[in-house]
1. Are any residues in region 120-159 under 23 Å from the mean Cα position of the chain (by Cα), part of a helix (DSSP H, G or I) and modelled with pLDDT of 80 or more, and if so, which ones?
2. Regarding Arg85, is this residue in contact with a strand residue (DSSP E or B) (Cβ under 7 Å, 6 or more places away or on another chain) and among the charged types (D, E, K, R)?
3. Among what's in region 100-119 and is over 14 Å from the mean Cα position of the chain (by Cα) and charged (D, E, K, R), pick the residue that is modelled with the lowest pLDDT.
4. Kindly establish whether Glu62 is within 25 Å of Ser123 (Cα to Cα), within 22 Å of the chain's Cα centre (by Cα) and charged (D, E, K, R).
5. Pick from region 84-99 the residues that are surrounded by fewer than 15 Cβ atoms within 10 Å (Cβ to Cβ) and more than 17 Å from Thr47 (Cβ to Cβ): which of them is modelled with the lowest pLDDT?
6. Might you check whether a residue that is surrounded by 16 or more Cβ atoms within 10 Å (Cβ to Cβ), in contact (Cβ under 8 Å) with a residue 24 or more places away in the chain and assigned by TED's automatic domain parsing to the domain that holds Asp116 occurs anywhere in region 61-70?
7. For Glu42, which of the numbered conditions (1) modelled with pLDDT of 90 or more; (2) over 25 Å from Phe144 (Cβ atoms); (3) among the charged types (D, E, K, R) fails to hold?
8. If you go through region 94-119 one residue at a time, how many are assigned to a strand (DSSP E or B) and either among the acidic types (Asp, Glu) or more than 19 Å from Asp51 (Cβ to Cβ) (or both)?
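The values are calculated or read from the model by the stated rules, or taken from the named source; none is laboratory data. The shown structure was predicted, so the numbers you read here are calculated from the model rather than taken from an experiment. Here the Cβ positions follow ideal geometry from the backbone for every residue, glycine too, while neighbour counts run over all protein chains shown.
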Amino acid sequence: MRESSGSSPIGSLFFGLIFLGAGLFATYIFSRVGELSCTRMEPSSYTCVRDMKLFGLIPLGEEQLPTIRQAYLSESCDEDGCSYRVDMRTDEGDFALVDYYEGGIGAYNRLEKKADQINAFVSDPNEEELVLGPGLSGILISFFPMLFVVIGAGVCIVGLRQFLVNLDEF
C-alpha cells in the first residue's frame with residue numbers, strides 16, 4: 001500500500017468546487033460589460049439603449065432606457081477606499097451603466113469622463129450620436145475572474161485523479 005501524500009482527495013475536490021463556484025459567480029457579475037448607444041432623432045428627442053455583453057463579446061441583451069436627464073458617478077466606500085460606477089438619472093429612476101463598482105484613481109478618471117460625455121450629449125441638441133463602450137481595460141478586467149474558474153477546475157481534476165487512484169489501490 002502507498003503512503004498518503006498528506007492531502008485528502010475529497011478535501012481537494014471540495015476546495016476546487018468552492019473555488020470553481022466562486023469563480024463562476026465572479027465571472028457572471030464582473031464579466032458583464034455595458035455599452036451605451038444614444039441617437040438623437042430631433043433636437044429635443046433622443047433614445048438610449050444599454051447593451052450588455054459577456055467579456056465585451058457575447059450579447060446578453062439590450063434595454064431601452066428612459067430619457068436620461070443626468071449622468072453622475074456614484075461611489076461605494078469602505079475601509080479600503082472608494083469604488084465608482086456611472087449612474088444615470090432618468091424620468092423613471094436611476095440606472096447603472098454596469099452593475100459593479102470599479103476602484104482606483106484610474107477608474108475614477110475614466111468613469112468621470114464617461115459621465116461627462118453622457119451629460120454633454122444630453123445637453124447639446126446638436127450632438128447626433130453617443131456610443132460609450134467598456135474600453136480595452138474594461139474588457140481585459142472582465143477576464144480576471146476566469147483565473148478562479150481555471151484554478152478551481154485544475155484543483156478539482158487533481159482531486160478527482162487522487163480519488164480514482166485511491167479507489168484503484170483499495
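1. Across region 120-159, the qualifying residues are Met146, Leu147, Phe148, Val149, Val150, Ile151, Gly152, Ala153.
2. On the way: in contact with a strand residue (DSSP E or B) (Cβ under 7 Å, 6 or more places away or on another chain): yes; among the charged types (D, E, K, R): yes.
Criteria met by Arg85.
3. Arg110
4. Here the answer is yes, as Glu62 does meet what is asked.
5. Asp99
6. Keep residues of region 61-70 that are surrounded by 16 or more Cβ atoms within 10 Å (Cβ to Cβ), which gives 65, 68.
Add one more test, that the residue is in contact (Cβ under 8 Å) with a residue 24 or more places away in the chain, and what stays is 65, 68.
Among the residues that remain, those that are also assigned by TED's automatic domain parsing to the domain that holds Asp116 are: 65, 68.
For region 61-70, residues surrounded by 16 or more Cβ atoms within 10 Å (Cβ to Cβ), in contact (Cβ under 8 Å) with a residue 24 or more places away in the chain and assigned by TED's automatic domain parsing to the domain that holds Asp116: present.
7. Every condition holds for Glu42 apart from (1).
8. Residues in region 94-119 being assigned to a strand (DSSP E or B) and either among the acidic types (Asp, Glu) or more than 19 Å from Asp51 (Cβ to Cβ) (or both): 3 in total.
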